[in-house]
Each structure stands twice: as structure tokens, then as C-alpha cells.
Amino acid sequence: MASMTRAAPNVETGAKMSVRAKWAVAGIVAGSSIAGLLGAGSSALAAYFARRVITPSTREADQEVLAVVRGDKGLQVILAATPDTTVDGVFSLFFAGGTGFARIGRIVSYSPAERTVQREVEEVYSGDLSTARRGWWSGAVYDSPAALGLDSEDIQIDVEGGQAPAWLVPSSAGNRRKPGRSWSMAVGPRGSKACEPRA
């Protein structure tokens, strides 16, 4: 009786892949690489745009500057009247994309019919206010602790993702070895100027 077993095909250990198999492997490797690059690229783009939405590069210049005039008591600015610009007090106006900064004082005149308010300019810290056409209104009225007559030191504070600039204002005694028990750290909102902290 003849044996019903079949002999296994002779497979050599160094057998070569067919051309079709080589192209299939190359296609899988190329496809995986492209998918990985697309995934990494889309993640990077998502992170970039998420930060742009959360951290504005500049504040919106929503305050219209109508004119800058020299009055009897110095420089004055005429602004479009808004609920903010018609409040008594001292405020600031940032202009020229945030590079200009002026401290704005008391109301000289207010015309609800014309929707204008004229205010004293107490000081221009930077920029040329006479060329300003738009800006933003702020409650930060001093550009640094030095403007208040306080000693300060520019320092860097470690934060998630790097370092952030800050001012160190020593106690009134000026003794950094024995600091006071009470102190404050004011942190500005994202996209704000250093002088615009929110405690």
C-alpha cells in the first residue's frame, strides 16, 4: 500500500520574497510613516491654534481716540464716550499696538449728545499719543513700581512651560533677609502687560 503522506515543499532558509510581497511591505511602511507624520502635524497645528485662541497676541484696540489737544493745564485727549471712559478716576490708555502707554486723569468735559469725553493726560510713559487713533482702556495707571516711588527688581518666576517676568518689591524696610509676613503676588491674565495684573 502506498503511503498517503505528502512531502513538505522544500523551503530554503534564505528564500527571497516575491516582488509583489516587497511592494506590499514598502506600501505598509510608507503608509504608516505618512499617517504618523499627519497625526503629529495635526496635533502640532491644534496646539498652535489653541494657544492663539487662549493667548491673544495683543488686546483689541476698541477705544477710539478722536483728538489730542493742548489745553490750559496741559495735554488732553478727546475719546469716544463709553461706559468705561465716562467713569471718574485715573485710568490708562494703551495705543500703537500696546507700545504706547499714557496715564489719563480727570474728566474735563463730557457731551452725551456728541458721545465724546475730554480728559486730562497726566503722563505719557511711551509712544506718541498725538498719532494715536485707537487704543484700549485699562485700570493699570503706572508702568512700573518705580513710577510709584518704590524700589523694585526685575525677576523671573518659574511657571509651567518656562519662566514669566515679575517685579520683586522689597518690604518698606528694604530688608530682604527678613521679609514681612504679608505679601502679594499679582498675576496678569494671558496676553496682558506686566503692569496689568489681576490679583
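Read the figures in this text as sums done on the coordinates, not as results from a lab. Since we're looking at a predicted model, the values are computed, not measured. With ideal geometry, Cβ positions are generated from the backbone for all residues, glycine too; neighbour counts draw on all protein chains shown.
Just a few scattered comments:
- Between residue 45 and residue 25, the simple spin-label model (points 7 angstrom out along Cα→Cβ) gives 3.4 nm.
- Residue order for 33, 144, 92, 138, fewest other beta carbons within 10 angstrom first, comes to 33, 144, 138, 92.
- Residues 153, 160, sorted so that the one with the fewest Cβ neighbours within 10 Å comes first: 160, 153
- Likely footprinting exposure, 70, 134, 103, 20, fewest C-beta neighbours within 10 Å first: 20, 70, 134, 103
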